[in-house]
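**Student:** Handing you this structure, nothing more for now.
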Amino acid sequence: MTQRLAGTGFNFQFFEAVDGHSFDAHNTPEYDGKRRRQYFGRDLTAGEIGCLLSHRALYKKMLEENIERALILEDDTILTDDFPQTVAEILASDLDWDIFRFLKWQ
């Protein structure tokens, strides 16, 4: 990730993620497996629960440290050449947004 971010012009820091395989993720109080299965037909994997808890921890950090904006990337993110320009355009736009989600469509 350091190499991928080096040429973007973004200031970055790393955050230790929650490893959903290091505890009984399906029995954590934050996870409602019955509800998840009812609405989505399957449980989250332990890795997905770890990702969810990691993102929640980052949102908490943003609140505690009064961080107005953050770009949260997974460690396997692949950045396109135009990604910095895309982010700049979003920040410069008049759009009223809370979260942008970047996905690769197959």
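The values are calculated or read from the model by the stated rules, or taken from the named source; none is laboratory data. None of these values were measured; they are calculated from a predicted model. Cβ atoms come from the backbone with ideal geometry, glycine included; neighbour counts cover every protein chain shown. Please note that ligands, DNA and RNA were not included when accessible areas were found on the heavy atoms of the full protein model with its side chains. Shrake-Rupley method; radii C 1.70, N 1.55, O 1.52, S 1.80 Å.
**Student:** Here is a check on your reading of the model: is Asp98 free of Cβ contacts under 8 Å to residues at least 60 places away in the same chain and within 16 Å of the chain's Cα centre (by Cα)? Before you say what the answer is, go through the steps one by one.
**Tutor:** Details: free of Cβ contacts under 8 Å to residues at least 60 places away in the same chain: yes; within 16 Å of the chain's Cα centre (by Cα): yes.
Taking the combined requirement at face value, the residue satisfies it.
**Student:** Now for a separate question. Name every residue in the range 19-73 that is assigned to a loop (DSSP other than H, G, I, E, B) and touching a His at 6+ places or on another chain (Cβ under 7 Å), in order of residue number.
**Tutor:** Pass one, the range 19-73, residues assigned to a loop (DSSP other than H, G, I, E, B): 19-24, 28-32, 41-45, 65-73.
Listed by number, the residues that qualify are Asp43, Ile72.
**Student:** Exactly one condition in (1) open to solvent by 90 Å² or more (accessible area, probe 1.4 Å); (2) under 27 Å from His21 (Cα atoms); (3) not aromatic (Phe, Trp, Tyr) is false for Asp98; which is it?
**Tutor:** If we test Asp98 against (1) open to solvent by 90 Å² or more (accessible area, probe 1.4 Å); (2) under 27 Å from His21 (Cα atoms); (3) not aromatic (Phe, Trp, Tyr), just (2) comes out false.
**Student:** I'd like the full set of residues that are over 16 Å from Thr8 (Cβ atoms), in contact (Cβ under 8 Å) with a residue 40 or more places away in the chain and among the hydrophobic types (A, V, I, L, M, F, W, C), limited to the range 55-95.
**Tutor:** Ala57, Leu58
**Student:** Separate question: List pairs: first in the range 31-42 and open to solvent by 100 Å² or more (accessible area, probe 1.4 Å), second assigned to a loop (DSSP other than H, G, I, E, B), Cβ under 7 Å, 6+ apart or cross-chain?
**Tutor:** Qualifying pairs under 7 Å: Arg37/Asp43.
**Student:** Could I ask something else about it? Out of curiosity, is Arg56 modelled with pLDDT under 90 and surrounded by 11 or more Cβ atoms within 10 Å (Cβ to Cβ)? Give the derivation first.
**Tutor:** Values: modelled with pLDDT under 90: no; surrounded by 11 or more Cβ atoms within 10 Å (Cβ to Cβ): yes.
No: the conditions fail for Arg56.
**Student:** Scan the range 1-23 and report the pairs whose first residue is surrounded by 13 or more Cβ atoms within 10 Å (Cβ to Cβ) and whose second residue is in a loop (DSSP other than H, G, I, E, B) and aromatic (Phe, Trp, Tyr), with Cβ atoms within less than 7 Å and a gap of 6+ or a chain change.
**Tutor:** Correct list of pairs: Leu5/Phe12.
**Student:** Restricting attention to the range 74-87, does a residue exist that is surrounded by 11 or more Cβ atoms within 10 Å (Cβ to Cβ) and among the aliphatic types (A, V, I, L, M)?
**Tutor:** Yes, there is a match, as at least one residue in the range 74-87 is surrounded by 11 or more Cβ atoms within 10 Å (Cβ to Cβ) and among the aliphatic types (A, V, I, L, M).
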